[in-house]
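The values are calculated or read from the model by the stated rules, or taken from the named source; none is laboratory data. Since we're looking at a predicted model, the values are computed, not measured. Please note: Cβ atoms are built from the backbone with ideal geometry, for glycine as well, and neighbour counts cover all protein chains shown. When the accessible area is computed, the model is the full protein with side chains, heavy atoms only, and any ligands, DNA or RNA have been set aside. Shrake-Rupley method; radii C 1.70, N 1.55, O 1.52, S 1.80 Å.
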2 protein chains.
Amino acid sequence: MKKNQVIKTMLNHKSIRRFKPKSPTMETIRTIVRAGQQAPFSSQVYSLLLSRNQKRNPFKAPLTFTICIDFHKLQLIMKKRKWDLVSNDLFCLLMGIQDASLMAENMVIAAESLGLGTCFLGNTPLRTTEIAKEYKLPKRVFPLTQIAMGYPAENPSTRPRYPLEFVLFENEYPKFNEKDIKKAMERMDQGYLAQDYYRKSSYRVPLEKGRKEKFTFDNYSWTEHISRKWGQWNPSPEKLLEQLSKCGFSIKKKM
Amino acid sequence: MKKNQVIKTMLNHKSIRRFKPKSPTMETIRTIVRAGQQAPFSSQVYSLLLSRNQKRNPFKAPLTFTICIDFHKLQLIMKKRKWDLVSNDLFCLLMGIQDASLMAENMVIAAESLGLGTCFLGNTPLRTTEIAKEYKLPKRVFPLTQIAMGYPAENPSTRPRYPLEFVLFENEYPKFNEKDIKKAMERMDQGYLAQDYYRKSSYRVPLEKGRKEKFTFDNYSWTEHISRKWGQWNPSPEKLLEQLSKCGFSIKKKM
């Protein structure tokens, strides 16, 4: 495999959940955001909210960035140009999630290149009401994800990923056989078990509906973990639709 | 601003639409994908389709990557774990678009660090039927975006971006005044005009509904360009919903 400083930085990525109290300088923050800004956006329909309130930030991180989908700014500009936005909100979200995610990933890599660590907070879209209130968000701004950031006070291993041949397909999507699936599962499960990841975090996704726990930290690993999430959580879109609606996005229209 | 090889690579990003015929080696391709794989995913719910059919690829690029949201693989794994996926499809998309976008952005940066150029093809979600057929995609795989990739045969300037203070907000989302909006618009419009970007591309978004063209390439720029897109295109979600539905995603459920 080819190596250079950029590739090395990416391959060395891992989430950091313990931070030193030292706050990055404003110069460092601006560098990270500026690097993020150059991502290949469709329409720059994102905004960043920054909190340096270390006491209140998740993981007591010196920085929390909230990455938002932002159509408020776009619509202000369109108004100056005498245009109204007519695109449907599902399409707005489809493009907005991409713009916000490109920004987020660039920021993660830029931050790590400067010696900082980061952690995504995946449950952001279900906490938008409180975030909107805290940051006084106007309508048409939707908090998509948050990134905790600061200098790492831990140095975990990089986490396993699927085998490359379970991810990259040339010309045709394959029909997976038992062996392919088993190999991908083993790579993930044995990789996380070798790091004792879930035991160290003391967390298993709780079982609902009277299902009995049959796993211990000796065999509970990644594929069981994500299966429990996708097999139990968020069966109805109602909560997400409500959060979207409160932020001024209606994807029910014409459906 | 702080500088290192990673930051420099990011700040130097621009889309490339003309490529040398030389195809990157499989080692280069694998390096780029492997670097992409280490992004901070929620559940690795993505797949990559690769075409090296230069003649048929957009911009005749040596490589086209189609980045898909992929719940097919996840559900195969869940089945082995005796779980059914219950999460609603809107939530699936919300997380899937993020995973696919993080992968895509890492690949762009990795590729550029190795001297390659890239261009996103934003209209992918409205062409999923043909893509699904071409690559024989199973249900629950949705082509989100495509990246053309190869060694650049052009060297354009980096494109302008909003002023940092129109993007990053500490503690509170601001109330923009006329000056803020004007400054952001001027940064974008004068930046693109200085590069003669739209004249060189010979393209203005056509006006619909009998609107009269009042712009020439002397004053047509970015804010007018995106206003026309968001002000005219995709008023109804029907087409996108249909594409999603054909790929096995139903976000109408319970709505």
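Would you list the strands (runs of 3 or more DSSP E) that sit entirely within the range A:105-190 and hold 3 or more residues that are within 19 Å of the chain's Cα centre (by Cα)? Before the answer, list the steps.
Details: elements: A:117-121, A:141-150, A:168-170.
Here the list reads A:117-121, A:141-150.
Restricting to the range B:10-45, what's the tally of residues that are in contact (Cβ under 8 Å) with a residue 40 or more places away in the chain, within 7 Å of another protein chain (Cβ to nearest Cβ) and out of contact with any helix residue (DSSP H, G or I) (no Cβ under 9 Å at 6 or more places or on another chain)? First the steps, then the outcome.
First pass over the range B:10-45, keeping only residues in contact (Cβ under 8 Å) with a residue 40 or more places away in the chain: B:10-24, B:28, B:31-33, B:35-45.
Now narrow it down to the ones that are within 7 Å of another protein chain (Cβ to nearest Cβ): B:10-11, B:13, B:15, B:28, B:31, B:33, B:35, B:37-40, B:42-44.
Those still in the list that are out of contact with any helix residue (DSSP H, G or I) (no Cβ under 9 Å at 6 or more places or on another chain) too: B:15.
Total satisfying the criteria: 1.
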I'd like to verify a number: residues in the range A:76-91 that are at the interface with chain B (Cβ under 8 Å from one of its Cβ atoms) and assigned to a helix (DSSP H, G or I), how many?
7
Qualifying position, being β-branched (V, I, T), in the same structural domain as B:P21 (by TED's automatic domain parsing), open to solvent by 10 Å² or more (accessible area, probe 1.4 Å) and at negative phi, among B:V45, B:V141, B:V86
B:V86
Can you tell me which of A:S221, A:S202 is touching an Asp or Glu at 6+ places or on another chain (Cβ under 7 Å) and small (G, A, S)?
A:S221
Sole residue being at pLDDT 95 or above, aliphatic (A, V, I, L, M) and open to solvent by 40 Å² or more (accessible area, probe 1.4 Å), chosen from A:L76, A:L63
A:L76
Among the listed residues B:R199, B:R204, B:R228, identify the single one that is charged (D, E, K, R), assigned to a helix (DSSP H, G or I) and open to solvent by 50 Å² or more (accessible area, probe 1.4 Å).
B:R199
Using the structure shown, decide if A:N177 is open to solvent by 20 Å² or more (accessible area, probe 1.4 Å) and within 12 Å of chain B (Cβ to nearest Cβ).
yes
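If you go through the range A:181-195, how many residues are open to solvent by 50 Å² or more (accessible area, probe 1.4 Å) and more than 9 Å from chain B (Cβ to nearest Cβ)? If you could, list the steps in order and put the result at the bottom.
Going through the range A:181-195, the residues open to solvent by 50 Å² or more (accessible area, probe 1.4 Å) turn out to be A:182-183, A:186-187, A:190, A:193-194.
Right, trim to more than 9 Å from chain B (Cβ to nearest Cβ) and you get A:183, A:186-187, A:190, A:193-194.
Here the count works out to 6.
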Find all pairs meeting these conditions: Cβ atoms under 6 angstrom apart; at least six residues apart or on different chains; first residue within the range B:179-197 and without any contact (Cβ under 8 Å) to a residue 24 or more places away in the chain; second residue open to solvent by 20 Å² or more (accessible area, probe 1.4 Å) and not β-branched (V, I, T).
B:I181/A:L76
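Mind checking which residues of the range B:3-27 are among the β-branched types (V, I, T) and touching a Leu at 6+ places or on another chain (Cβ under 9 Å)? Write out each step before concluding.
Of all residues in the range B:3-27, those among the β-branched types (V, I, T) come to B:6-7, B:9, B:16, B:25.
Within the range B:3-27, B:V6, B:I7, B:I16 qualify.
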Over the range B:48-71, the set of residues part of a helix (DSSP H, G or I) and not hydrophobic (A, V, I, L, M, F, W, C) is B:P58, B:K60
